[in-house]
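The values are calculated or read from the model by the stated rules, or taken from the named source; none is laboratory data. Computed from a prediction, not measured in an experiment: that's the story for all the values here. Every residue, glycine as well, gets a Cβ built from its backbone with ideal geometry; the counts of neighbours run over all protein chains shown.
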Amino acid sequence: MRIRLDSSTPLNLDATLCCGQTFRWNKEGEWWYGVAKDKAFKIGQYGNVLEFENVDENFVRNYFSLEDNLPKIYAKISRDKHIKQAVQMFQGLRILHQDPWECLISYICATYKNVQAIKLMLLRLSCRFGEKTCFEQRNFYLFPSPEKLAKVSISEMAECGLGYRAKYVKETAKAVYEKNFDFEQLSKKPYDKARQELLNFSGVGLKVADCVLLFSLAKTEAFPVDVWIKRVILEYYSEHFPEEFVKKIFDKRSPTNTEYERLSLFGREYFGEYAGYAQEYLYHYERTKR
DNA sequence: CAAGTGCCTTTATC
DNA sequence: AGATAAAGGCACT
């Protein structure tokens, strides 16, 4: 099956899948292989044609956020030369609509880890506890359900390389499973309200909550601040903060909640309702500029 | 190649 | 409120 993209719907599949927002995709030749929802599928891009197998068009349109009007978003976030350059370089990078459950666990695992290590953890977690599914004579593994992870022991999870995160994943899985937590409902709530709810989960702080809101709950105003974004702010946007504040956060490993809010709020106010898009372009730009 | 540093931070404690 | 420490282990230099 295929989708023909028109000029007002740019897509950069490679940048979208390798920019660090999602962790379970692999490129083999011209095809990206991934597992989303309940099956494995592959997708490739040839110019303005998007081709895929084993998945329906509606899912692809939603997962890759093809309804997001990128030209309009670029117009809104392009406030200065830095974001303009990042947008220029990665035109067509889209914020995905990932599965919120998988996204939540992924970002709990992601704390204080690099992207390669996060991928490895999630791969091991899926292979060990996820349901097996076959596609093109090969085995793929679905992301383990809340019920499954709620019942796995902490030490078993730790064996997947989660370390101290195993406890948080277990507790969050238990909470989601036992309350039958409704992510659909959560996505309907406004940013602040939804964020407050996510903070109740074990292992979820402001940064993780913002990632889940942005990457799976369509809250495009969320502006996650990790070490790279902190770096971006210090390098390009420090004049928007008092000198004292900049000095203070400069050599800290991570900001306090108050400092985090100040940085994140700057992003939301400066870039507006699509601040999350600006965040991801700047993040990818900073990480790949060498 | 060993050793050091860093990683899309949160939690517990003071 | 803010400072501090601790918490896997993989990857990169």
(request) Go through (1) in contact with a Ser or Thr (Cβ under 8 Å, 6 or more places away or on another chain); (2) under 30 Å from A:GLU235 (Cα atoms); (3) surrounded by fewer than 17 Cβ atoms within 10 Å (Cβ to Cβ) one by one and return the number of the condition A:PHE23 breaks. (result) (3)
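Counting just the residues of the stretch A:205-235 that are of a type in the set (Phe, Trp, Tyr) and assigned to a helix (DSSP H, G or I), which one comes out surrounded by the most Cβ atoms within 10 Å (Cβ to Cβ)?
Residues of the stretch A:205-235 of a type in the set (Phe, Trp, Tyr): A:215, A:223, A:228.
This time we only want the ones that are assigned to a helix (DSSP H, G or I), so: A:215, A:228.
Numbers: A:PHE215: 24, A:TRP228: 17.
Applying the filter and picking the extreme gives A:PHE215.
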(message) Anything in the stretch A:241-271 that is more than 23 Å from the chain's Cα centre (by Cα), away from DNA strand B (no atom under 12 Å from the Cβ) and either closer than 25 Å to A:GLN21 by Cβ or touching a residue at least 60 places away in the same chain (Cβ under 8 Å) (or both)? List them, or say none.
(response) none
(message) Could you check the stretch A:241-264 and list, in sequence order, the residues that are of a type in the set (A, V, I, L, M, F, W, C), surrounded by 13 or more Cβ atoms within 10 Å (Cβ to Cβ) and more than 11 Å from DNA strand C (Cβ to nearest atom)?
(response) A:PHE241, A:VAL246, A:LEU263
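Could you check the stretch A:174-191 and list, in sequence order, the residues that are of a type in the set (S, T, N, Q) and over 12 Å from A:LEU217 (Cα atoms)?
Within the stretch A:174-191, just A:ASN180 meets the criteria.
Considering only the stretch A:265-278, I want to know if a residue exists there that is within 13 Å of DNA strand C (Cβ to nearest atom), crowded, with 16+ Cβ neighbours inside 10 Å, modelled with pLDDT of 95 or more and outside any loop (DSSP other than H, G, I, E, B).
In the first step, residues of the stretch A:265-278 are kept if they are within 13 Å of DNA strand C (Cβ to nearest atom); the result is none.
Scanning the stretch A:265-278, I find no residue that is within 13 Å of DNA strand C (Cβ to nearest atom), crowded, with 16+ Cβ neighbours inside 10 Å, modelled with pLDDT of 95 or more and outside any loop (DSSP other than H, G, I, E, B), so the answer is no.
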(request) Could you run through the stretch A:144-183 and say how many residues are within 10 Å of DNA strand C (Cβ to nearest atom), buried (at least 18 other Cβ atoms within 10 Å of the Cβ) and more than 14 Å from A:SER106 (Cα to Cα)? (result) 0
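So how many residues does the stretch A:166-194 have that are within 13 Å of DNA strand B (Cβ to nearest atom), in contact (Cβ under 8 Å) with a residue 40 or more places away in the chain and of a type in the set (A, V, I, L, M, F, W, C)?
Here is the first cut: in the stretch A:166-194, the ones within 13 Å of DNA strand B (Cβ to nearest atom) are A:166-172, A:175.
Subsequent filtering for residues that are in contact (Cβ under 8 Å) with a residue 40 or more places away in the chain retains A:168-169, A:172.
If we keep only those that are of a type in the set (A, V, I, L, M, F, W, C) too, we end up with A:169.
Selection size over the stretch A:166-194: 1.
Looking at A:ASN12, A:ASN114, which one is farther than 30 Å from A:LYS167 by Cα and of a type outside the set (A, V, I, L, M)? So that I can check it myself, show each step before the final result.
Numbers: A:ASN114 fails: farther than 30 Å from A:LYS167 by Cα.
None of the others qualify; the one that does is A:ASN12.
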(request) List every residue pair whose Cβ atoms sit under 9 Å apart, with the two residues 6 or more apart in sequence or on different chains, where the first one lies in the stretch A:151-165 and is assigned by TED's automatic domain parsing to the domain that holds A:ILE105 and the second, anywhere, is among the hydroxyl-bearing types (Ser, Thr, Tyr) and assigned to a helix (DSSP H, G or I). (result) A:LYS151/A:TYR177; A:LEU162/A:TYR168
(request) Kindly list the number of the only condition in (1) within 28 Å of A:LYS81 (Cα to Cα); (2) within 7 Å of DNA strand B (Cβ to nearest atom); (3) of a type outside the set (Phe, Trp, Tyr); (4) surrounded by 15 or more Cβ atoms within 10 Å (Cβ to Cβ) that fails for A:SER238. (result) (2)
